Amino acid sequence: MLVLGIETSCDETGLALVEAVGGLRAPKFKILKNLVASQIKIHRPFGGVVPNLAKREHLKNLPLLFKKLLPTTYNILPTINLIAVTVGPGLEPALWTGIIFAKELVKKYKKTIVGVNHLEGHLYSFLLTAQHSNILKNIRMSNLFPAIALIVSGGHTILLKMESLTKWKKLGETRDDAAGESFDKVARMLRLPYPGGPEIEKLARRGDPEAINFPRPMIHDKSYDFSFSGLKTSVFYYLRDYPRDANLRTHPNIADNSHVPIHQSLRIRADVAASFQQAIVDVLVQKTIRAAELFGAKSVMLSGGVAANKLLRATLKEESEKRGLRFFVPDFIYNTDNAVMIAVAGFMAHLRKKGRKLVAQGNLAV
Ligand code: KG4
Ligand code: ZN
């Protein structure tokens, strides 16, 4: 089945062509085209995504990407079997652009359409790694389950227990800020540009993750919920109060920076970035592993934009494999928003007859 994926939930316009074979038990995917037009530069001056600007850019990008998607040597349109479009969660004005575009294609070319939950796209993105297809060749898909899946993005932090590729239950989620959101907010405090996750990761490489003992909210809480707004507030107070700290004048690395407000010295900012990143990763990893142990999971799956974070990937991989659990994370390009994962989730939803309503649903749950 040839699937056209369409993604416009936030600030990436994505179109993809994916060939899907196999049934629900052992689906396999070949990525023919993956196009993403990023709007990061447009939203950067505003420190976050502006919904109406996102809408305007999607409207501009969709037809351009569609033209680019089609091979020039032959007409691929008749061979497309399914159009998969994100309907939520996300920014509603942005979601509508993709839905309307998809509906027009359906009308014009008489195609089948399926509405896709963006979070299911992230969830299934572990199926996309080249290396995983080798693993998946050698073991039965059913041997991966039960599994614990952690979805960490700009809008969500969700822990799921998967019984199979098609059956899962939410164990917990964030009660306030999502993991990616807190990366973005702390980045702003450190005067780093949007999106903050990759910037904090870069700055953290120069800092000491043990320099500041930021809180690890809810790390010992029995529930599988998360809370990151307190951590963000701790960073805020640290940056605000640090100049009054007695250690300030004796910090060995700032001697030649004494003319700069102290919290702006590179060393301090790098320590804040590294210590903050470590605190978030500790919470995410510890709670995921606890769930995996308690539910007798055979594998752990990590996805969403924050899954691009190398410390998170490496730590969760190490802690999973130490316990004999298989660890899955998509290749970097499939962590942040893209239409390949939407084509994959659309194929699964179509087979399961679980397509979503073709209206923008800003708060759609997984
Ligand atoms: O999944 P995604 O592309 O969009 C949503 O569905 O939200 O995730 C975007 C989020 C942003 O908050 C961004 O700062 C974060 O993922 N992110 C990262 C990294 N790369 C992107 N967070 C931490 N480390 C990274 N390397
Ligand atoms: Zn996303």
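Things to note:
- Dipole magnitude for the chain: about 1240 debye, using +1 per Lys or Arg Cβ and -1 per Asp or Glu Cβ, origin at the Cα centre.
- In order along the stretch 166-172, phi translates into HN-Hα couplings of 10, 10, 8, 9, 6, 8, x Hz, rounded to whole numbers, per the Karplus curve 6.51 cos²θ - 1.76 cosθ + 1.60 with θ = phi - 60° and x for Gly and Pro.
- Within straight-line cross-link reach of Lys30, aspartates and glutamates at Cα separation under 13 Å, skipping those fewer than 8 residues along the same chain: Glu19
- Packing-based order for 78-87, 161-170, using average beta carbon neighbours within 10 Å, highest first: 78-87, 161-170
- Candidates Ala274, Ala339, Ala314: whichever shows maximal mean-square fluctuation once the chain is modelled as a Gaussian network with Cα springs under 10 Å: Ala314
- Too-long pairs where the Cα-Cα distance tops 22 Å, listed order kept, from Lys60/Lys107; Lys55/Lys169; Lys161/Lys317; Lys161/Lys310: Lys55/Lys169; Lys161/Lys310
- Two-decimal Rg/Rh across the stretch 265-366, once Rg and the Kirkwood Rh are taken from alpha-carbon atoms: 1.06
- Solvent-accessible area, 1.4 Å probe, carbon plus sulfur percent, for the chain: 53 percent
- Taking amide H as placed 1.01 Å from N in the peptide plane, Leu32 has its amide H under 5 Å from the amide H of Leu17, Val18, Glu19, each at least 5 places away in sequence or on another chain.
- Distance in nm between pseudo-label sites at Lys357 and Ala314 (7 Å out along the Cβ direction from Cα): 4.6 nm
- Beta bridges per DSSP, both residues in the chain: antiparallel share near 60 percent.
- Average accessible surface area per residue within the stretch 49-149, 1.4 Å rolling probe, Å²: 46 Å²
- Most positive-pole-ward Cα, Ala204, Ser320, Phe347, against dipole of the chain from beta carbon charges: Phe347
- Filtered chymotrypsin sites (Phe, Trp or Tyr not before Pro), the stretch 260-362: DSSP coil and at most 16 other beta carbons within 10 Å: Phe295
- Ranked by how many other beta carbons lie within 10 Å on average, peptides 105-111, 277-283 from highest: 277-283, 105-111
- Note that the chain shows a convex hull volume over its alpha carbon atoms of 140 Å³ per residue.
- Calculated from backbone phi, Karplus (6.51, -1.76, 1.60) coupling profile of the stretch 308-314 in Hz, x at Gly/Pro: 6, 6, 5, 5, 5, 4, 5
- Taking Lys and Arg as +1 and Asp and Glu as -1, the other residues whose beta-carbon sits under 13 Å from that of Lys354 total +4.
- Among the listed pairs Lys67/Lys354; Lys185/Lys322; Lys41/Lys185; Lys33/Lys353; Lys170/Lys298, those with a Cα-Cα distance over 22 Å are Lys67/Lys354; Lys185/Lys322; Lys33/Lys353.
- For the chain, calculated [θ]222 nm from helices alone, where every DSSP H run of n ≥ 4 adds -39500 (n - 2.57): -12500 deg cm²/dmol
- Over all other residues within a Cβ to Cβ distance under 14 Å of Leu325, the charged ones net out to +3, with Lys and Arg as +1 and Asp and Glu as -1.
The values are calculated or read from the model by the stated rules, or taken from the named source; none is laboratory data. Keep in mind the model is a prediction, meaning the values are calculated, not measured. For neighbour counting, all protein chains shown are included, and Cβ atoms are generated from backbone atoms with ideal geometry for every residue, glycine included. Side chains included, ligands, DNA and RNA excluded: accessible areas come from the protein's heavy atoms. Shrake-Rupley method; radii C 1.70, N 1.55, O 1.52, S 1.80 Å.
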